[in-house]
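The values are calculated or read from the model by the stated rules, or taken from the named source; none is laboratory data. Keep in mind the model is a prediction, meaning the values are calculated, not measured. Every residue, glycine among them, receives a Cβ derived from its backbone with ideal geometry; neighbour counts consider all protein chains shown.
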Amino acid sequence: MEHLFSIHQKRAADFSENFSDELYHIFLFEGKGKITIDFAEYHFEGKTILFTAPYQNISFSTKKNFEIQMLSFHGDYYCIEYHKKEVACNGLLFNNIYLFPHFGLADETFDEIAEIFNKIQNTNPSEEFSNAVLRSYLQLILALSSKTKNQILKEHNQEVEDLEELKTFQNLVEQHFLNEKSPAFYAGLMHISPNTLSKKIKKEFHKTPSQIIQERVVLEAKKKIHLTRKSIKEIAAEMNFEDEYYFSKYFKKNTGISPKQFRDDVGISVVADL
């Protein structure tokens, strides 16, 4: 079970260069610095929790090294798509290009999650019912984190300038990303200049409109590869790529691996057969 579900003690310096693999990760730490996720930069300070999905590129930049607890699990061990109604994590903690991947925790919540990490570490996986216990601990972490992030988002949205414009951009990307990949197209529909759009998007999402569009295409590709049994050729056609070769080249440029390797490593979800 080690490769499907594990917990490790790391140091921030261990992630000074890009780290990427086929697992979902939950990082729990206290410190100050910068995280880079797929070329988007996020600053953090204090008690923090971070969530990443398979084959996202992750690196930490800090002046002072600190300890990181890292909980990792494979989609075959716990399918977040299948369990999304139970803990509301898919789209909130994972797999959402518009939301920040990390957030600060109050002392009480940080300590509560740290204690669950500790219980996981002290659970003997060979004991009877240990698998059910470990899954319950994972679900509890996800549920607590989802509850906290929901509250943070409510407060955050009340403070965001141009919230309606940002929502408009998101809605337009969701409607057109398969056919329109130029920021100028979206700026035109919003009746603002591409430069103005870029400034607003960069301020809120820490990435450019082009990055948002690319990430949305890649996220859709990952979903189709992981959540269906369609061939790579079929997926390429559905996503309006010229051919399978061009789709594979685009996917590898943005993830570091081919669509075939992504499917081999991440697997096909149980929801593909539902």
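Some notes on this structure:
- Unique residue being within 20 Å of N118 (Cα to Cα) and among the charged types (D, E, K, R) when the list is E22, E30, E17: E30
Conditions tested, residue by residue: (1) under 15 Å from F27 (Cα atoms); (2) touching a residue at least 24 places away in the same chain (Cβ under 8 Å).
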residue	(1), (2)
K64	no, yes
F94	yes, yes
F103	yes, yes
T109	yes, yes
S130	no, no
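- Yes/no for E161 being outside any helix (DSSP H, G or I) and closer than 15 Å to F205 by Cβ: yes
- Verdict on I68 being on the phi < 0 side of the Ramachandran plot and in contact (Cβ under 8 Å) with a residue 40 or more places away in the chain: yes
- Among (1) at pLDDT below 95; (2) of a type outside the set (D, E, K, R); (3) over 17 Å from the mean Cα position of the chain (by Cα), the one test that A40 misses: (3)
- Hey, T48 among the polar types (S, T, N, Q) and either within 27 Å of D264 (Cβ to Cβ) or without any contact (Cβ under 8 Å) to a residue 12 or more places away in the chain (or both) or not: no
- Looking at K233, K252, just one residue is assigned to a helix (DSSP H, G or I), modelled with pLDDT of 95 or more and closer than 21 Å to E22 by Cα, and that residue is K252.
- The stretch 163-186, subset touching a residue at least 40 places away in the same chain (Cβ under 8 Å) and not polar (S, T, N, Q), residue surrounded by the most Cβ atoms within 10 Å (Cβ to Cβ): F169
- Of the residues making up the stretch 199-212, those that are hydroxyl-bearing (S, T, Y) and surrounded by fewer than 16 Cβ atoms within 10 Å (Cβ to Cβ) number 1.
- Restricting attention to the stretch 99-130 and to residues that are assigned to a loop (DSSP other than H, G, I, E, B) and closer than 23 Å to K32 by Cα, the residue that is nearest to the chain's Cα centre (by Cα) turns out to be P101.
- Test result for S145, part of a helix (DSSP H, G or I), among the small types (G, A, S) and surrounded by fewer than 15 Cβ atoms within 10 Å (Cβ to Cβ): no
- Cβ separations smaller than 7 Å between residues 6+ apart or across chains give the following pairs from the stretch 146-158 residues that are without any contact (Cβ under 8 Å) to a residue 40 or more places away in the chain to residues that are part of a helix (DSSP H, G or I): N157/L163.
- Among residues of the stretch 4-18 being among the polar types (S, T, N, Q) and within 20 Å of the chain's Cα centre (by Cα), the one that is surrounded by the most Cβ atoms within 10 Å (Cβ to Cβ) is S6.
- Qualifying residue in the stretch 176-195 (condition: assigned to a helix (DSSP H, G or I) and within 22 Å of the chain's Cα centre (by Cα)): yes
- The sole residue among F73, F60, F94, F100 that is aromatic (F, W, Y), closer than 17 Å to A12 by Cβ and outside the structural domain of K252 (by TED's automatic domain parsing) is F60.
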